[in-house]
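For reference, the structure discussed in these notes is given below.
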Amino acid sequence: MAIQRTFSIIKPDATKRNLTGAINAKFEEAGLRIVGQRRVHMTREQAEKFYAVHAERPFFGELVDFMISEPVVVQVLEGENAVAKNREVMGATNPADADEGTIRKEFALSIGENSVHGSDSEENAKIEIEQFFTEDQIVG
Ligand code: ADP
Ligand code: MG
């Protein structure tokens, strides 16, 4: 498997509790390199665009409100098999189902306020990275 890039967000519940460094340590321990990183307070428009795939889900309004409630940290992670590796380090969407040692098991508050986002495919990673980063902001 070649070196890949994936898109990550440290969500408002985590930035609010000062967990950016603790979460980044999990990525780095897993061999993921943080090659782009920026703190941003998303606009409603940005959050709605980012989560457009979930627009019909009952939790969409709540999800958008949450994502704009506090600043987030948007990131590009790079490494061997980065998309799957990141999903593994994150753990299951619902922290109650997440494996020991994962970010969501250790830090998430609920299925909604679950501390991190990670792309689910290489194709979506590319689209998501392009929403928040220009190529010169990513330094591998
Ligand atoms: P993941 O972030 O693991 O890829 P999804 O893409 O299914 O999960 O959902 C996107 C985000 O929407 C989740 O990370 C979570 O913040 C929120 N979410 C998902 N399911 C629910 C739910 N049942 N109730 C509230 N929020 C949810
Ligand atoms: Mg998802």
- Pairs with Cβ under 7 Å, 6+ apart, first in segment 113-127 and more than 10 Å from ligand 1 (Cβ to nearest atom), second among the aliphatic types (A, V, I, L, M): Ser121/Val83; Glu122/Val83; Ala125/Val83
- Kindly provide the set of residues from segment 81-95 that are open to solvent by less than 80 Å² (accessible area, probe 1.4 Å), more than 10 Å from ligand 1 (Cβ to nearest atom) and either β-branched (Val, Ile, Thr) or under 27 Å from Asn18 (Cβ atoms) (or both), ordered by number. Ala82, Val83, Lys85, Asn86, Val89, Pro95
- Somewhere in segment 16-34, is a residue closer than 25 Å to Asp136 by Cα and within 16 Å of ligand 1 (Cβ to nearest atom)? yes
- Item | Any hit, segment 46-56, residues being within 25 Å of Gln4 (Cβ to Cβ), charged (D, E, K, R) and open to solvent by 30 Å² or more (accessible area, probe 1.4 Å) | yes
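The values are calculated or read from the model by the stated rules, or taken from the named source; none is laboratory data. Just so you know, these numbers come straight off a predicted model, no measurement behind them. Here the Cβ is made from the backbone with ideal geometry for all residues, glycine too, and neighbour counts use every protein chain on show. In case anyone asks, the SASA skips ligands and DNA or RNA and just uses the protein heavy atoms, side chains included. Shrake-Rupley method; radii C 1.70, N 1.55, O 1.52, S 1.80 Å.
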